[in-house]
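Below you'll find the structure, written out as structure tokens, and then a few comments.
The values are calculated or read from the model by the stated rules, or taken from the named source; none is laboratory data. All values derive from a computational prediction rather than experimental measurement. Don't worry about glycine lacking a Cβ; one is built from the backbone with ideal geometry, like all the others, and counts go over all protein chains shown.
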Amino acid sequence: MNSPHKRESDGVLSIRPKVAELVFSMYGRALHPELFHVFQRGVVERGTYQAKLEITAAGHVITWRYHGLTLTEVAAASNQPLPRQRQLLYCRLRGERTERIVCRGGVIYQTSFQLESLPEDVFWTFQQELMRDGQYRGLFHQFESSGRMALGAVSFMHVETRLRSMLVQSFHTFPDDYAVVKVQSLFELP
């Protein structure tokens with residue numbers, strides 16, 4: 001996977017929305033790329049499936065394709081204009097939740113996500129670990145500080161591929177709230 005480690009340079013501030021504004025969606029189609037401001041992207045191809053992974057301002061977009069089937073997972077802000085057409089899942093990103101969707105042709109999509117509030121010292125230790133891991137593997141982006149904290153948020157996506165499955169672990173930090181969003185998504189062939 002291509003994983004450059006650089007800051008956005010087009011003059012757009014890369015600051016996170018508030019953690020209370022987050023939603024999680026799954027679509028049975030691709031979404032228009034202009035809906036999202038993408039800070040980092042990577043592509044995965046293995047066997048008969050392909051995936052595009054993108055880190056966005058509020059979280060991520062994963063677009064997975066297999067034999068004419070397209071699934072798109074989105075972690076975004078609630079004010080993000082998202083379509084309703086072919087939306088398979090929509091929920092606020094709060095607490096813990098696990099979902100499983102059986103798709104056309106026997107493809108299985110499973111996700112588990114949680115929003116975790118941490119003590120300040122634990123949060124900063126976790127963020128430092130993500131920053132270290134992000135330098136060597138996966139997809140990584142460090143956001144600008146909101147001004148309240150010295151360091152900005154980070155997003156880190158790690159992908160494990162097998163011939164018949166792809167597992168994506170995504171972590172998004174929110175320093176102003178000492179919160180972490182953790183998402184684990186599995187795309188499995190029949």
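Remarks
- Residue match in the range 50-57 (condition: surrounded by fewer than 17 Cβ atoms within 10 Å (Cβ to Cβ) and more than 29 Å from Asp177 (Cβ to Cβ)): yes
- The listed residue being out of contact with any Asp or Glu (no Cβ under 8 Å at 6 or more places or on another chain) and within 22 Å of Leu69 (Cβ to Cβ), out of Leu151, Leu130, Leu189: Leu189
- The range 97-117: number of residues that are closer than 17 Å to Ala51 by Cβ and in contact with a Lys or Arg (Cβ under 9 Å, 6 or more places away or on another chain): 4
- The set of residues from the range 146-172 being without any contact (Cβ under 8 Å) to a residue 60 or more places away in the chain and either buried (at least 17 other Cβ atoms within 10 Å of the Cβ) or not basic (Lys, Arg) (or both) comprises Gly147, Met149, Ala150, Leu151, Val154, Phe156, His158, Glu160, Ser165, Leu167, Gln169, Phe171.
- The set of residues from the range 50-100 being of a type in the set (Ser, Thr, Tyr) and either touching a strand residue (DSSP E or B) at 6+ places or on another chain (Cβ under 6 Å) or under 12 Å from Phe36 (Cβ atoms) (or both) comprises Thr56, Thr63, Tyr66, Thr72, Ser78, Tyr90, Thr98.
- Odd one out for Val154, checked against (1) farther than 19 Å from Lys182 by Cα; (2) in contact with a Leu (Cβ under 6 Å, 6 or more places away or on another chain); (3) aliphatic (A, V, I, L, M): (1)
- Test for Thr173: is it within 17 Å of Glu21 (Cα to Cα) and either over 13 Å from the mean Cα position of the chain (by Cα) or hydroxyl-bearing (Ser, Thr, Tyr) (or both): yes
- For the range 58-114, a residue qualifies if it is small (Gly, Ala, Ser), closer than 22 Å to Met166 by Cα and in a strand (DSSP E or B), and the qualifying residues are Ala75, Ala76, Ser112.
- Residue in the range 97-111 that is closer than 24 Å to Gly152 by Cβ and either modelled with pLDDT of 95 or more or of a type in the set (Phe, Trp, Tyr) (or both) present: no
- Any hit, the range 5-22, residues being under 19 Å from Leu93 (Cα atoms), at pLDDT 90 or above and either in a loop (DSSP other than H, G, I, E, B) or touching a strand residue (DSSP E or B) at 6+ places or on another chain (Cβ under 9 Å) (or both): yes
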